[in-house]
Amino acid sequence: MLRKLRVTYQGIAGAYSHLACYGYFGKNIDCIGTETFEDAMQKVEDGEADFALIPIENKTAGRVDEFYGLIPQMKLQIVGEHYQKIEHYLLGVEGSTIDSIKYAYSHPQGLAQCRENLKELNIKPVAQFDTAGSAKEVSRLKDKSIGAVASSLASEIYGLKVLKANIQDQKDNFTRFIVLSNKKEIDIADDKEYITSIIFKVKNIPSALHKAIGGFAENRVNILKIESYIPLGRLRESRFHIDVDGATNSQAVRNSIEELQHYVNKFKILGTYEKNRFV
């Protein structure tokens, strides 16, 4: 009998990251919740898990800065991406109703994303550490006046009833996750589209960034995303993260990377992976 894939994520059972693990790999996996992103990644590095699923940006809340702080020390490779639709549910204990709920527990971002709907229902938001933890606490309290804003998975795990589905104000909210592995290379198929993610620090010369990324334009390689970030503990050392169209076996991508390296001090390819067709 084959061993199930072991996938780590930050959070407790029922978190949106837990839901994303099922969304990407299917439910026939062993999910391992951890306290921090670093812990989730470390378990993969140590061989205790096969993959880690880490959120890096949300459509409404922006990028997840904690991950960017970890990039310089990261030994893992990006081998996939996943877009998880964020659908918030108002959950309550058995016997509760929408009218009985006076307070809603959730992570501050979850509450902010449901602000108008909660106001319309006359429910007071109460900030907690996370969404799934809020559902767990509501289940423990058994108070019909307290609900949780969390995932549908959290309702199943903690035995809560769904009082109202999709209470987020913006209906097309989603979070982008990356899939991390110790595997250094993937099989690249000619009939699929790929993204290559790169980080670098430019040299201290005039127009270094312009010159560094100019090679991509010259080689007609589309830059999908460019962001600056500051590694943990290095306040004066800005680095850049770019996602480009194409795999590292493409001559155009290879030529662009070769040109880039003339103008940077530190450089790393984080991975080449198949483009997700969610967007």
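The values are calculated or read from the model by the stated rules, or taken from the named source; none is laboratory data. Here the structure is a predicted model, which is why all the values come from computation and not from measurement. Here the Cβ positions follow ideal geometry from the backbone for every residue, glycine too, while neighbour counts run over all protein chains shown.
Here are some residues: Ser256, Ser207. Which one is surrounded by fewer than 19 Cβ atoms within 10 Å (Cβ to Cβ) and either modelled with pLDDT under 95 or not assigned by TED's automatic domain parsing to the domain that holds Gln73 (or both)? Lay out the reasoning, then the answer.
Numbers: Ser256 fails: surrounded by fewer than 19 Cβ atoms within 10 Å (Cβ to Cβ).
The unique qualifying residue is Ser207.
Among the listed residues Ile199, Ile157, Ile205, Ile213, which satisfies the condition of being out of contact with any Gly (no Cβ under 8 Å at 6 or more places or on another chain) and in contact (Cβ under 8 Å) with a residue 60 or more places away in the chain?
Ile199
Residues being buried (at least 16 other Cβ atoms within 10 Å of the Cβ) and not acidic (Asp, Glu): count how many of those fall in the range 127-143.
9
For the range 91-112, enumerate the residues that are part of a loop (DSSP other than H, G, I, E, B) and either of a type in the set (Gly, Ala, Ser) or within 28 Å of the chain's Cα centre (by Cα) (or both). Steps first, please.
Looking only at the range 91-112, we keep the residues that are part of a loop (DSSP other than H, G, I, E, B), and these are 93-102, 107.
Once the filter is applied, which keeps residues that are part of a loop (DSSP other than H, G, I, E, B) and either of a type in the set (Gly, Ala, Ser) or within 28 Å of the chain's Cα centre (by Cα) (or both), the range 91-112 yields Gly95, Ser96, Ser100, His107.
Got a number for residues in the range 113-145 being part of a helix (DSSP H, G or I) and free of Cβ contacts under 8 Å to residues at least 60 places away in the same chain? Before you say what the answer is, go through the steps one by one.
Step one: of the range 113-145, the residues part of a helix (DSSP H, G or I) are 115-120, 131-141.
Now restrict to residues that are free of Cβ contacts under 8 Å to residues at least 60 places away in the same chain: 115-120, 134, 137-141.
Going through the range 113-145 one residue at a time, the tally reaches 12.
If I go through the range 157-209 residue by residue, how many of them are in contact with a Lys or Arg (Cβ under 6 Å, 6 or more places away or on another chain) and in a loop (DSSP other than H, G, I, E, B)?
3
Pull up the range 210-228, narrow it to residues that are in contact with an Asp or Glu (Cβ under 7 Å, 6 or more places away or on another chain) and buried (at least 17 other Cβ atoms within 10 Å of the Cβ), then point me to the one that is nearest to Glu193 (Cα to Cα).
Val221
Checking Lys275 against (1) exposed (fewer than 15 other Cβ atoms within 10 Å of the Cβ); (2) out of contact with any helix residue (DSSP H, G or I) (no Cβ under 6 Å at 6 or more places or on another chain), which single condition isn't satisfied?
Here Lys275 clears every test but (1).
Show the residue pairs that are 6+ apart or on different chains and have beta-carbon atoms under 6 Å apart, the first residue being within the range 241-262 and among the aliphatic types (A, V, I, L, M), the second being crowded, with 16+ Cβ neighbours inside 10 Å and in a helix (DSSP H, G or I).
That search, which allows pairs on different chains as well, returns Leu260/Ala212; Leu260/Gly215.
For the range 100-111, how many residues are out of contact with any Asp or Glu (no Cβ under 9 Å at 6 or more places or on another chain) and touching a residue at least 24 places away in the same chain (Cβ under 8 Å)? Please lay out each step first, then the result.
Initially, the range 100-111 is screened for residues out of contact with any Asp or Glu (no Cβ under 9 Å at 6 or more places or on another chain), giving 100-102, 104, 108-109, 111.
Then keep just the ones that are touching a residue at least 24 places away in the same chain (Cβ under 8 Å); that gives 100-102, 104, 109, 111.
Residues meeting the conditions: 6.
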